[in-house]
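What follows is one structure encoded as structure tokens, with my remarks underneath.
The values are calculated or read from the model by the stated rules, or taken from the named source; none is laboratory data. These numbers were taken from a predicted model, which means no experiment stands behind them. Note that we place each Cβ from the backbone using ideal geometry, even for glycine, and neighbour counts take in every protein chain shown. Side chains included, ligands, DNA and RNA excluded: accessible areas come from the protein's heavy atoms. Shrake-Rupley method; radii C 1.70, N 1.55, O 1.52, S 1.80 Å.
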Amino acid sequence: MIVLRSILFNIAFYINLIGRMIVFSPYYFLADRKTAWNVPKNWALANHWLQDKIVGTTFEIEGLENIPEGGYIFAPKHQSFWDAYALLPWLDDPVYIVKRELGWIPLFGQYIFRMRMVPVNRGAKGKVMAEVLERTKREIESGRQLIIYPEGTRRPAGAPPNYKYGIARLYRDLKVPVVPVVMHPGLFWPRRKFLRFPGHFKVQILPPIEPGMGPDAFMKKLMDVMETASDKLLVETIKANPQVPLREDARRRFAELEAMASDAAAH
């Protein structure tokens, strides 16, 4: 049944994506930019409904009160394609720094740049990167929320952390709060897999790290805060969903954390 439900969900997911891009394009491109955000946000909500009804996967969000007003950096764990879109409905006016090549994809490229995403050549340095930073700063100052994945690319649930220093530079230069977010959607929507697993998980939005720290001190705090919360949530999520098959990273980390808890209790 999991295979069948996964196939049905994937079909429904792409029909929902392509269908909405075609049907709502006139509204999307004629409405003012912030109003046009209703299209991708409602698409995300529809995906949540499909995942619930077809696969049986649900989630809840804790810590919405930790989201500040105005511009800030939103820094989630990144395990799955799920978290690339899932939280859009709860953000006012998000912005991504995106690979410029995405703009070359017919229609999709026009969709993302309609929202004034910041394109970047991944191999660029010096003056080009300074221009990207300046453009990002203008978007943040207008009250937008920059979504940055601190580990850069998708990491399996339970994998050793691999934080990139780029977020520390952005924190230093943009001078706005950073909001850490931990979650484990990768247990239910594994990266590079078509299988989708039923269950329930939490998204935890942690208190913001206010601007003013040095980059190294910020980086240490970000990693400590996120990894402590992520480990605790991993154990909680696995125990609450014993039916979900664990990949090696999650199985190993869960065993380590349980052993540490047992040792602490013994002493």
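Within region 226-267, being touching a strand residue (DSSP E or B) at 6+ places or on another chain (Cβ under 8 Å) and of a type in the set (D, E, K, R) holds for one residue alone: Glu236. Restricting region 36-92 to residues that are among the β-branched types (Val, Ile, Thr) and closer than 25 Å to Arg196 by Cβ leaves a set whose member that is modelled with the lowest pLDDT is Val39. Got a sec? Which strands (runs of 3 or more DSSP E) wholly within region 1-115 have at least 2 residues that are farther than 19 Å from Gly143 by Cα and either open to solvent by less than 40 Å² (accessible area, probe 1.4 Å) or in contact with a His (Cβ under 6 Å, 6 or more places away or on another chain) (or both)? Those strands (runs of 3 or more DSSP E) span 57-62.
With the condition kept exactly as written, say whether any residue in region 130-137 is among the hydroxyl-bearing types (Ser, Thr, Tyr) and either assigned to a helix (DSSP H, G or I) or in contact with a strand residue (DSSP E or B) (Cβ under 8 Å, 6 or more places away or on another chain) (or both). Yes - at least one qualifying residue is present in region 130-137.
Taken together, Leu187, Leu174 contain a single residue that is touching a Leu at 6+ places or on another chain (Cβ under 8 Å) and either open to solvent by 30 Å² or more (accessible area, probe 1.4 Å) or more than 28 Å from Gln51 (Cβ to Cβ) (or both), which is Leu174. Residues in region 201-222 that are loosely packed, with under 15 Cβ neighbours inside 10 Å and either charged (D, E, K, R) or under 22 Å from Trp82 (Cα atoms) (or both): Glu210, Asp216, Lys220, Lys221.
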